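Novice: One structure is given below, represented as structure tokens, and several questions about it will come after.
The values are calculated or read from the model by the stated rules, or taken from the named source; none is laboratory data. Just so it is clear, the structure is predicted and the values come from calculations on it, not from any experiment. Neighbour counts run over all protein chains shown; Cβ positions are idealised from the backbone, glycine included. Ligands, DNA and RNA are stripped out before the accessible areas are found, and what is left, the full protein with its side chains, is counted by its heavy atoms. Shrake-Rupley method; radii C 1.70, N 1.55, O 1.52, S 1.80 Å.
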Amino acid sequence: MNTIAIVDYGMGNFHSVARALTAAAPNADIRICRDAQSIRDASRVVFPGQGAMPDCMRTLNESGLREAVEEAARTKPLLGVCVGEQMLFTTSEEGNTPCLDIFPGKVKLFSGPEFASSKQHGDNDHELLKVPHMGWNRVWQTQAHPLWSGIEDGTHFYFVHSFYAAPEQAELTVGESHYGIPFTCAVAANNIFAVQFHPEKSADAGLRLYRNFVDWNP
């Protein structure tokens with residue numbers, strides 16, 4: 001039986017991920033896991049996340065699950081989603097927060113003359129891109145990968161985020177999108193694949209990505 005652990009450390013849309021995985025892989029044993037041993041016992045792991053990075057890292061550390069996640073990242077197929085992708089990097093500009101440092105790189109805020117905070121107002125706001133970035137965007141596959149199987153290059157996926165991961169190593173990037181600037185939205189290395197967008201909110205393409213993950217044998 002293919003057992004999939006969804007890491008529940010208190011900061012993620014775990015039930016939506018579980019529903020999408022169940023639809024994509026009805027024969028898999030899908031478990032929302034709140035203890036380290038359940039994560040260690042699973043054959044593959046999904047690591048979601050949402051919210052502010054300082055809260056996510058603090059909650060992960062306090063949950064006692066950090067070591068199990070780091071072990072999974074070394075030993076079995078792991079899929080990071082949204083903040084779960086960002087947490088794999090070295091540090092985040094959000095609160096100057098140290099992250100898991102599995103991938104070298106920094107999580108950056110959308111900022112610059114192209115952008116405006118959604119809290120700001122002014123005569124020119126209609127000309128600026130709002131932060132957070134929210135909605136459907138095309139994803140361009142910069143490298144071939146089994147998790148892209150059956151997904152057309154340039155397919156739209158659903159995003160909700162103010163920050164994005166900027167890998168130090170260009171070869172980590174396997175998907176890119178554009179919101180004012182081009183940015184990495186999918187990374188992969190060895191047994192890890194991670195995305196900034198939400199597959200569970202991305203209709204058929206998102207379900208296909210989850211199905212590909214369930215079938216993936218890196």
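Novice: How large is ³J(HN,Hα) for each residue in the range 70-85, as worked out from phi by the Karplus curve 6.51 cos²θ - 1.76 cosθ + 1.60 (θ = phi - 60°), to whole Hz, x for Gly and Pro?
Specialist: 4, 5, 4, 5, 8, 10, 8, x, 10, 10, x, 10, 6, 5, x, 6
Novice: Right, here's the next one. Could you give the dipole magnitude of the range 1-87 about its Cα centre, charging the beta-carbon of Lys and Arg +1 and that of Asp and Glu -1, in debye to the nearest 20?
Specialist: Using Cβ point charges on Lys, Arg, Asp and Glu, the range 1-87 gives about 180 debye.
Novice: Then there is this: With every protein chain left in place, what is the accessible area per residue of the chain in square angstrom, probe 1.4 Å?
Specialist: 44
Novice: Could you work out how far apart the two model spin labels at Asp215 and Ser149 are, taking each label as a point 7 Å from the Cα in the direction of the beta carbon, and quote it in nm?
Specialist: Result for the modelled spin labels: 0.5 nm.
Novice: Calculate the FRET efficiency for Val160 and Asp41 from the Cβ-Cβ distance with a Förster distance of 41 Å, rounded to the nearest 0.05.
Specialist: 0.85
Novice: Which percentage, to the nearest 5, of the DSSP beta bridges contained in the range 6-130 is antiparallel?
Specialist: 15
Novice: If exposed GluC sites (Glu not before Pro) are those in a DSSP loop with at most 16 other Cβ within 10 Å, what is the longest stretch of the chain that has none?
Specialist: Free of exposed loop sites, the longest segment is 1-92.
Novice: Just to be sure I understand the model, the point goes 7 Å from the Cα along the line to the Cβ. What's the resulting Glu168 to Glu70 distance in nm?
Specialist: About 1.7 nm, to one decimal.
Novice: Report the FRET efficiency, 1/(1 + (r/R0)^6), for Arg31 and Leu129, where r is their Cβ-Cβ distance and R0 is 45 Å, rounded to 0.05.
Specialist: The value I calculate is 0.70.
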